[in-house]
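What follows is a short report on a single structure.
Bear in mind that the values in this text are calculations on the coordinates, not laboratory data. Because the structure is a prediction, the values reported are computed rather than measured. Because the Cβ atoms are built from the backbone with ideal geometry, glycine has one as well, and the counts that use them run over all protein chains shown.
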Amino acid sequence: MEAKLLLATPEGLVIEHPTLLAPVRSGDDLLLAEEDPIPLPDCGRLAHLPGYRPIGFDPESGSLARLDSFEIDGRRFTPNAVAALLPPGYTRTFLPAAFKVASDNLPQWAYTAAGWGESGPVAFALRTDPRDHWNPRRFSTPELQARVDALIAELPRNGVVRHLTHCALVERCFTAQNIFYGRDEGGLPSSNTCNARCLGCISERRPGGPPSSMSRLDNLPTVEDLAELGALHLSRASGHTMVSFGQGCEGEPLTRAPLLAEAIRRMRAITERGSININTNGSLTKGLGLLLEQGLDAIRVSLNSADPDLYGAYYAPQGYTFDDVRRSLALAREAGAYIALNLLSMPGVNDRLGEVERLRDLVVEFHVDQIQTRSLCIDPEQYLSLTRGRGAGGEPIGVRAMLSLLREEAPWLSIGNFARGLDERGVT
């Protein structure tokens, strides 16, 4: 299906171009996608990209055309490019075809190629997790405030509850809200320091980067507060019951490994119900061992590449290397923990054949249970300028082909977007 090009006025009004089609971007390549786009999903939206000029494809001449001006109803203006922003459960397959003219970087969103189809807006993406318990319509509901008030009344002196109140009501963090809804995966933020300097850090601004999209934890929680709230959630939460260390509002949780190990011990002394997970960069293997000894049963390791050079360029590790990440994966496998990789995905980078093969080798070596595809929230040009000439290389084979190859080479592998509860593990 051919999709028409979308462009936006400086005020953000989105317009369908009358003749030009919407090409897509894969790394530095601009092309007409061979795959069909999907209708813009429910809870998805369109966004204009200030400082990016749209690029269209002229079917008559068979050439690409950059739009530096456009006229409608007698008004001429400089158009901005348009992207789709996807809801949870979807993974983009292409970037918007656009040319950056601004020096400032875009806010931290996962910009996806978009267009106008026969029945409305479309996006170049695929649904990678069919489960609906992260549907945005289940969050920020009218009763949230009452649930926040009720938990504060129940645990009036708990510092983690006070912090999560801001996360739930102001930042609208889903894992924070789950604590108050009493369901599924609840976040337990624990650390305000980090041993990486990720270019796209969402809680601490980096030089040359946009403002962070979340506020980092101010007051460090005590072991008593973490254990109290964690045990309460594990004891009575419905659905895919889980607590997780390592949220968007914090740094690296393993920097507080002894405290987290004690919190886990206290939780498990109260209840054996549910899963205890950590979202981590996997840098501190000794600290991870402390948590595994006390009952940590799941680990999700964040990476943008299985190639040490490209990994280091993005994460800028402070005092650790990719070999430490590998040692942590080996330890988690030895302990029998559920291993997920949080793959920060960028079309034209991760789907290069050399990169796919490196990732496949990592999955096979450590018998990784799951890959969670995470469309990287960053200005595309900012990230691509970092990755040029780095990594394992190879020609892009496409995001769909990348996931298919991983499934073929590791048939046990689960591919999705969300952490798996105890009742879901082993299901691909």
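Could you give the length gained on full extension between E143 and E409, defined as 0.36 nm per residue of separation minus the Cα-Cα distance, in nm? All intermediate terms of the calculation are to be shown ahead of the outcome.
Working: separation 266, 0.36 × 266 = 95.76 nm, distance 4.58 nm.
Going from the current span to full extension adds 91.2 nm.
What residue among E250, E60, E11 has the largest mean-square fluctuation in a Gaussian network model of the chain, using Cα springs under 10 Å?
E60
How far apart, in nanometres, would the label points at E34 and L422 be if each is projected 7 angstrom from Cα along the Cα-to-Cβ direction?
Distance between the two pseudo-spin positions: 4.6 nm.
So what is the 222 nm mean residue ellipticity for the chain from helices alone, if each DSSP H run of at least 4 adds -39500 (n - 2.57) and you divide by all residues, rounding to the nearest 500 deg cm²/dmol?
Working: 11 runs with 119 residues, N = 428.
That comes out to -8500 deg cm²/dmol.
Please work out how much length the chain gains when fully extended from T19 to S238, using 0.36 nm per residue of separation minus the C-alpha to C-alpha distance, in nm with one decimal.
Numbers: separation 219, 0.36 × 219 = 78.84 nm, distance 5.14 nm.
Between T19 and S238, full extension yields 73.7 nm more.
Among the GluC sites (Glu not before Pro) within segment 69-166, which fall in a DSSP loop and have no more than 16 other Cβ atoms within 10 Å of their own Cβ?
Details: sites: E71, E118, E143, E154; in loops: E118, E143.
Sparse-neighbourhood loop GluC sites (Glu not before Pro): E118, E143.
Picking from A330, A316, A65, which is most flexible by a Gaussian network model of the chain using Cα springs under 10 Å?
A65
Looking at the chain as a GNM with Cα springs under 10 Å, which of G274, G117, G251 has the largest mean-square fluctuation?
G117
Once the dipole of segment 4-127 is set up with Lys and Arg at +1 and Asp and Glu at -1 on Cβ about the Cα centre, which of S103, L32, P10 lies farthest towards its positive end?
Of S103, L32, P10, it is S103.
Figure the gain on full extension for S213 and T193 (residue separation times 0.36 nm, minus the Cα-Cα span) and round it to one decimal in nm. If you can, show how the numbers build up before the last one.
Details: separation 20, 0.36 × 20 = 7.20 nm, distance 1.70 nm.
The S213-T193 span can extend by a further 5.5 nm.
For a label point 7 angstrom out from the Cα of E2 toward its Cβ, which stretches of segment 29-67 have the backbone nitrogen within less than 13 Å?
Counting only backbone N, you get 32-33, 57-63.
So if I take the centroid of the Cα atoms in segment 1-17 and the same for segment 259-309, what is the distance between those two points in Å?
Spelled out, the Cα-based centre of one part sits 45 Å from the other.
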